[in-house]
1. Note the full-extension length gain between N403 and K261 as 0.36 nm times their separation in residues minus their Cα-Cα distance, in nm to one decimal.
2. Based on the Cβ-Cβ distance of V192 and F313, what FRET efficiency does E = 1/(1 + (r/R0)^6) give at R0 = 35 Å, to the nearest 0.05?
3. Heavy atoms only, probe 1.4 Å: what % of the accessible area of region 85-134 goes to carbon and sulfur, would you let me know?
4. Based only on Cα atoms, what mean projected area does the convex hull of region 291-383 have, in nm²?
5. Hey, can you rank 255-263, 145-153, 97-105 by average C-beta count inside 10 Å, highest first?
6. Considering Cα pairs under 8 angstrom that are at least six residues apart, work out the relative contact order of region 77-210 and quote it in whole percent.
7. Leaving out ligands and nucleic acids, and using a 1.4 Å probe, what accessible area per residue does region 344-447 come to in Å²?
8. Label L431 and Y50 with points 7 Å out from Cα along Cα→Cβ: what is the distance between them in nm?
Amino acid sequence: MTDNLSGRSKNGGAAVLENPGQSGLLAKASNRLEGGRQSGKLAKKRKGSYFSYFLMFNFYYLAWALFSALISVYLIGLGFSAGQASLVVSVSFFASMVTQPMVGSLADQYGSKSVSIVMFITAASGGVVFLFCRSLWMVTIFYSVVMVLVNGTNPIVEKMATTSPYPYGKIRIWGTIGYAFGTQAAGFLYDVVSPSSIFVAFVLCMMICILGTSQTIEPTAFQNSAQTKADRQEVAEVQEEIQAEETRNTKGFAKLFTNRKFAYYLLVYGLFMGVLAAGNTFVPSLFTHNGLPAATASTFLSIAVLCEMPLVFFSSKFMDQLTSKVLLLFAIVLVLGQMLVYGLNLPMPVVVGVTMLTKNVSSMLMIMVNLKIVSSLIPSASQISALALAATIKNLASILFNNFAGVLIDNIGYSPVFLLMAGAMILVLVLVVFFRLPSGTDQKLFS
């Protein structure tokens, strides 16, 4: 005889259901539970997929190129002067410089993925508003808002490429392709569809980027899942030591400057990026000044973007093997060579060839070298903040060098200005020769 309340035999045996309907209910519940488990497994499988990183990187850089590539042309087409267009861009640089450290702190505190998604959503919303801006002050405000958000997430995005489950090159290469395609797409949309269609495309690309980002995994989550129990114990001990050390140091960004090697590196980085920014700004006008049509110059510059693809794709073959100092010196020599070619007024085929082979290659190499050096000089808990601070220095240097170069070009011409920038690169070269950097070969960021 069975106990109807408990469903068990009185001798404590297995449960015997009196009501056949209960069996069906339990079967349905079991099926639902199993279905939930399978759905959870599928969702977990989708998280961190290669496709999610493709969507994030490709459409982030595509959107960035769409929004910024032809901004001066767009503003002049609206009736603004070249000086007013320059003002809009300069304000966005300054705003990015001021806000960059705050973005880094938020990413360190709340996680790279969460902060990126919020900023991407806000950038897309800002792009919608920018579509309808016609007054100078509205254009300035909302262009700056969008560029602050897009520029602000760049160090986070680059860092996520080194901490994804995939080799850096296989992720970052989609950013290169996206940026090159975005540059060409902006020109096509402007000429064939309408100027404002560029910003509709920007918003759509940001939405796809948000979708991809939501399916990536937090860097810490991947790192924790990849570690063995012994690894986790070792990492925990190291993190305790880092936290203990940080409590003895000053708080906030000031503590980064107490790291004298990092402060010295920021000086080198600022000078390098200032020269690079001025070169990127005035190389297109150098081409047109020397007789190239604007459309032809734009095509050459797009090809230059694509020339960085092999560097990115094969980064795992050399970035972790060569020391930071060797890589940094190589980047400096590339930029020095560019400035000398521009300054010595060599034949146009030589200038175009050097530009296509070195312009974006040197820029991309410096992005990777920056990640490597920061990872070797700064504890992991503060690396996003350090990258944000480096980006702030880059923005400040860009403002100073662009204005300095622009004034000098108006007064003495292109060749002398590029020779002066070559002199600045020689100074950077000397500073690096005497710089004792960690090798960085133990980081394994790009493999």
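The values are calculated or read from the model by the stated rules, or taken from the named source; none is laboratory data. Keep in mind that this is a model prediction, so the values were computed, not measured. Virtual Cβ from ideal backbone geometry, glycine too; neighbours counted across all protein chains shown. SASA here: full protein model, heavy atoms, side chains in, ligands and nucleic acids out. Shrake-Rupley method; radii C 1.70, N 1.55, O 1.52, S 1.80 Å.
1. Details: separation 142, 0.36 × 142 = 51.12 nm, distance 2.88 nm.
Roughly 48.2 nm would be gained on extension.
2. Values: r = 31 Å, r/R0 = 0.89.
Efficiency at R0 = 35 Å is approximately 0.65.
3. Working: 1660 of 2200 Å².
About 75 percent, which is the carbon plus sulfur part of the accessible surface.
4. Numbers: hull surface 29.1 nm².
Across all orientations, region 291-383 yields a mean hull projection of 7.3 nm².
5. Numbers: 255-263: 14.7, 145-153: 23.9, 97-105: 20.6.
Peptide ranking by packing, descending: 145-153, 97-105, 255-263.
6. Details: 107 pairs, mean separation 43.6, N = 134.
Reported as a whole number, the value is 33 percent.
7. Working: 4240 Å² over 104 residues.
The answer is 41 Å² per residue.
8. The two pseudo-label positions are separated by 4.0 nm.
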